[in-house]
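Working notes, beginning with the structure itself.
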Amino acid sequence: MTAAAAHVARPRRRIAGPRMRRRLAPYVFVAPFVAVFLAFSVYPLYFTARLSFTDWRGTGAATWVGWDNYTYLLTSTGFWSSLGNSAVLWLLIVPVQLALGVLVAVLLNSAKLRLRGLYRVAFIVPFVTPLVAVAQIWVVLFDQRYGAVNALLGVFGVPEIGWLTTSAWAKPTLALLFLWKTTGFIVIIMLSGLQSINGSIYEAAALDGASRTRQLWSITVPLLRRTLMFVTVLQTLAVFQMFAEPFVVTQGGPYNSTTTAGYYLYNHITRADLGTGAANSFLLVVLVMALSLLFVRLLRAKD
């Protein structure tokens with residue numbers, strides 16, 4: 001009986017092996033991603049969170065200072081000024097970009113438009129152009145004395161404008177650079193959202209006598225609400241992280257009028273004040289998350 005029982009038990013062990021391998025296979029395939037995610041996302045986040053409560057200059061032992069870094073930032077005029085500059089840039093960029101994105105996407109989606117593919121490629125070219133090169137061109141174009149923009153305006157009798165040297169014009173000039181650089185990408189996103197809308201809706205609206213403007217406002221915009229929400233959150237992140245534009249074009253000036261939240265954070269890194277920089281980055285994360293949740297709530301499609 002013992003030998004017979006052992007003989008019967010052997011197939012069970014052979015069957016259990018493949019079953020166990022099938023159960024473990026998904027975890028084995030996912031393990032490399034989990035390892036990379038833990039090493040390059042979770043651990044840096046934990047390290048930065050811990051660093052934000054210390055005073056560390058990049059060498060030696062870190063000194064625990066508790067909430068001092070956060071207290072310093074929340075009472076610093078420079079920190080709030082950088083947030084204010086980013087907020088103004090947001091107002092100059094995102095609403096304009098949403099409107100332009102929808103209007104240009106509607107034009108490019110028209111079946112009557114010839115060479116649509118060429119126009120789509122042309123709109124995406126600025127987005128894939130290196131930002132530093134574009135920023136250097138911007139410096140040349142908007143130079144107060146020798147720039148092409150002032151030279152063109154001078155033909156019409158307009159006096160020289162300090163595009164990059166006056167607080168009144170520096171932000172609009174940076175906003176114009178950002179709009180030129182990224183609006184094409186937003187147009188492509190809007191175009192993909194438009195192409196997901198059923199064309200029969202527009203046909204029914206046309207039969208009811210709705211004009212193109214009415215269709216745009218009553219059909220296109222509501223059905224693009226999720227796309228608009230995505231673009232708003234995406235560009236909010238981009239504006240509050242803006243660094244290369246002020247770094248190359250204005251160096252945060254004049255009089256810190258273009259020191260954005262991202263550029264202000266960079267200043268802590270250059271001074272090797274890594275603890276304050278980590279706290280600054282976490283405050284920006286909390287702020288951007290709060291703004292994103294607000295925009296999601298305001299633009300969320302109604303069920």
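Every read-out reported here was derived from the displayed coordinates using simple, explicitly stated rules and does not represent laboratory data. Given the structure is predicted, the values throughout are model-derived calculations rather than measurements. Cβ atoms come from the backbone with ideal geometry, glycine included; neighbour counts cover every protein chain shown.
Annotations
- Loop-located trypsin sites (Lys or Arg not before Pro) in the stretch 135-212, at most 16 other Cβ atoms within 10 Å (DSSP): R145
- On Cα atoms only, tilt of 131-141 relative to the major axis of the chain in degrees: 0 degrees
- Shown here: semi-axes √(5λ) of the Cα gyration tensor in Å, derived from the displayed model; of the candidates [x] 46, 36, 18; [y] 46, 22, 15; [z] 28, 24, 19, it corresponds to [x].
- Along the axis of the charge dipole computed for the chain (Cβ charges of +1 for Lys and Arg, -1 for Asp and Glu, origin at the Cα centre), the listed residues V288, G17, V65 are led at the positive end by G17.
- Other residues within the sphere of radius under 15 Å centred on the Cβ of I201, judged by their own Cβ, net out at +1 (K and R +1, D and E -1).
- Amide proton proximity set for D55, modelled H, under 5 Å, gap of 5+: T63, W64, V65
- Degrees between helix 261-270 axis and first principal axis of the chain (Cα, 0 to 90, nearest 10): 70 degrees
- Under the shape rule built on the C-alpha gyration tensor, where the axes satisfy a ≥ b ≥ c, the stretch 60-198 is oblate, since a/c reaches at least 1.5 while a/b does not exceed b/c.
- About the centre of its Cα atoms, the stretch 40-121 shows a dipole size close to 700 debye [charges on the beta carbon of Lys, Arg (+1) and Asp, Glu (-1) only; nearest 20 debye].
- Crossing angle, helix 2-37 versus the chain [Cα axis fit, 0-90 degrees, rounded to tens]: 10 degrees
- Total formal charge among the other residues, if their Cβ is under 15 angstrom from that of V149, Lys/Arg +1 and Asp/Glu -1: -1
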